[in-house]
C-alpha cells in the first residue's frame with residue numbers, strides 16, 4: 001500500500017502548473033477500504049475539479065456513536081527530482097528507511113491505518129472507526145474546511161497521523177500570511193514633489209508593524225511552546241524599478257504565528273485598525289491589505305481531556321506542542337477531540353529524500369491497534 005500510494009502523484013500547489021488531482025489516491029483508498037467492509041463516501045470539493053475528500057466508516061454510524069477518526073491528507077508538496085537520490089515516486093528501502101515523496105508526510109499513514117483496521121472483523125466494532133482522507137492540506141486546507149459536522153456526527157475522537165516521531169501533540173500555533181501593498185506616484189528622483197514614494201510609505205508601515213508585534217508578544221505568552229510568544233516575520237519586500245525614479249509600488253509579505261486562544265479574524269481586524277491611519281491622506285499614498293490565504297487557526301486539546309490521557313497512557317509520553325500547522329483545528333471546530341501523532345520526523349517533510357523510519361512502523365501500528373480497541377471495540 002505504501003508503494004502504491006507513493007507511486008501515485010497527488011501534488012497540491014497554489015501554482016496551477018504544479019497542482020494535481022488527488023482522485024487517483026482517493027480511489028486507491030476507497031478500493032482497499034471497501035474490501036475491508038467500510039462504507040465509503042467520496043465528497044467532491046465544490047468548484048475544484050479533480051479534488052475530493054474520502055470518508056470511510058465501519059461500525060455503527062448513528063449520531064453520537066462516539067467513534068474514532070484516523071485522519072490524514074492525500075496530497076504532497078511539489079518536488080524537484082534533481083535533488084532526489086532516487087525516484088521520488090518509487091518507494092525505496094535503504095538502511096531500514098523507506099524513501100519517497102509523501103513517505104512521512106503523510107501517505108504511509110494511510111497504509112498503516114488500513115493495516116490496523118484489517119486486524120479487526122466488522123462485527124467487532126461497537127463504536128465506529130472512520131478513515132478520513134482530505135485534499136489540499138499542503139496548499140489551502142480546502143479539504144478540511146469543506147468538512148461538515150453532519151458528515152462526522154458519529155465521531156467523538158480523532159487522531160491525525162502527521163509526523164511527530166510517535167510523540168502525541170495536543171497544541172500548535174496557527175499560521176497567517178498577509179500582503180501589504182503601498183501605492184504611490186512615480187516621478188523623477190531629482191524632484192520629490194513630482195511623486196509619492198511607496199518605499200518611504202512602506203517604511204512607516206513596517207515601523208507600525210514592529211510596534212504591533214511588540215504589543216502582541218507582551219500580551220500573549222504560552223511557555224509550553226519553544227518560542228513562547230506569537231511571532232511575526234517580515235518575509236519579503238519588493239518595490240521600485242530604478243534608483244533615479246520615485247517608487248510607485250511596494251509590497252511587503254508577512255507571516256504571523258498566533259498562539260492557541262488567539263483568533264485569526266480578530267488579529268486581522270486589529271491589524272487593519274492599526275494600519276488604517278499610518279499613511280496620512282496628504283501623503284498621496286494608499287495602503288491595501290489582504291490575506292494571502294485564509295490562514296490556519298491555532299489548535300489546542302486540553303491536557304486533561306480523555307483522549308489526551310488515553311494516548312499518553314498508551315505511548316508513555318506526555319503530549320507536547322509544535323510550531324507547524326495541521327488540520328486539527330478544523331476537526332476540533334466540529335466538536336471532535338483531536339490529537340496529532342504519527343511516525344516520521346517533521347524535519348523530513350517537504351525535503352528531497354524524504355523518508356519514514358522503518359523502526360517506527362510496527363510501534364505505530366501497535367499504538368493504533370490499542371487505540372482502536374480502546375475506543376471502538378471494548
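In the chain, what % of DSSP beta bridges are antiparallel (nearest 5)? Write out the running numbers ahead of the final one.
Details: 45 of 64 bridges.
Around 70 percent antiparallel, to the nearest 5.
When DSSP beta bridges are limited to those with both residues in the stretch 1-125, what percentage is antiparallel, rounded to the nearest 5? It would help to have the intermediate numbers written out before the result.
On the way: 9 of 10 bridges.
Restricted to the stretch 1-125, the bridges split so that about 90 percent are antiparallel.
Size of the chain along its principal axes in angstrom, Cα-based, largest extent first?
Ordered largest first, the chain gives principal extents of 82, 45, 40 Å.
Given axes a ≥ b ≥ c from the Cα gyration tensor, I'd like to know whether the stretch 303-378 is rounded (a/c under 1.5), prolate (a/b larger than b/c) or oblate.
Oblate, since a/c reaches 1.5 and b/c is not below a/b.
Taking 8 Å as the Cα distance limit and 6 or more residues as the minimum spacing, I'd like the relative contact order of the stretch 41-165 as a percentage. Can you show the working numbers first?
Values: 207 pairs, mean separation 55.1, N = 125.
Contact order relative to length: 44 percent.
Report relative contact order for the chain in percent, whole number only (criteria: Cα-Cα under 8 Å, sequence separation at least 6). Before the final figure, lay out each step's value.
Details: 844 pairs, mean separation 90.4, N = 378.
This gives 24 percent for the chain.
How do the peptides 22-28, 255-261 rank, highest first, by the average count of neighbouring beta carbon atoms within 10 Å per residue? It would help to have the intermediate numbers written out before the result.
Details: 22-28: 21.7, 255-261: 19.4.
Result, highest mean Cβ count within 10 Å first: 22-28, 255-261.
With the contact rule set at Cα under 8 Å and sequence spacing of 6 or more, what percent relative contact order holds for the stretch 176-291?
On the way: 206 pairs, mean separation 48.7, N = 116.
Once normalised by length, the contact order is 42 percent.
Plugging the Kirkwood radius over Cα pairs into Stokes-Einstein for the stretch 214-259, at a temperature of 10 °C and a viscosity of 1.306 mPa s, what D comes out in µm²/s?
Values: Rh = 13.0 Å.
Stokes-Einstein gives a translational diffusion coefficient of 122 µm²/s.
If you rank 354, 359 by fewest surrounding Cβ atoms within 10 Å, what's the result? Each step should come with its number before you reach the end.
Working: 354 27, 359 10.
Result, fewest neighbours first: 359, 354.
In Å, what Kirkwood hydrodynamic radius results for the stretch 278-338 from the alpha-carbon pair distances? Present the calculation step by step, with values, prior to reporting the outcome.
Values: mean 1/r = 0.0659 Å⁻¹.
Kirkwood radius, the stretch 278-338: 15.2 Å.
Along its three principal axes, how long is the stretch 59-105 when you only count alpha carbons? Whole Å, largest extent first please.
Sorted largest first, the three principal extents are 50, 25, 11 Å.
In which sequence would 38, 125 go, from the one with the fewest C-beta neighbours within 10 Å to the one with the most? Walk me through the numbers on the way to the answer.
Details: 38 24, 125 21.
Fewest to most other Cβ atoms nearby, the residues stand as 125, 38.
Dimensions of the stretch 176-291 along principal axes (Cα, Å, largest first)?
The Cα atoms of the stretch 176-291 stretch 54, 24, 21 Å along the principal axes, largest first.
Using the beta-carbon distance between residue 34 and residue 303 and R0 = 30 Å, what value does 1/(1 + (r/R0)^6) give for FRET efficiency, to the nearest 0.05? Walk me through the numbers before you get to the answer.
On the way: r = 38 Å, r/R0 = 1.28.
Rounded to the nearest 0.05, the efficiency is 0.20.
Please order 293, 110 by the number of other Cβ within 10 Å, starting at the fewest.
Working: 293 14, 110 27.
The fewest-first ordering by Cβ neighbours comes to 293, 110.
Quick note: the coordinates plus some simple rules give every number you see, no bench work behind them. Just so it is clear, the structure is predicted and the values come from calculations on it, not from any experiment. FYI the Cβ positions are ideal-geometry reconstructions off the backbone, even for glycines, and counts take in every protein chain you see.
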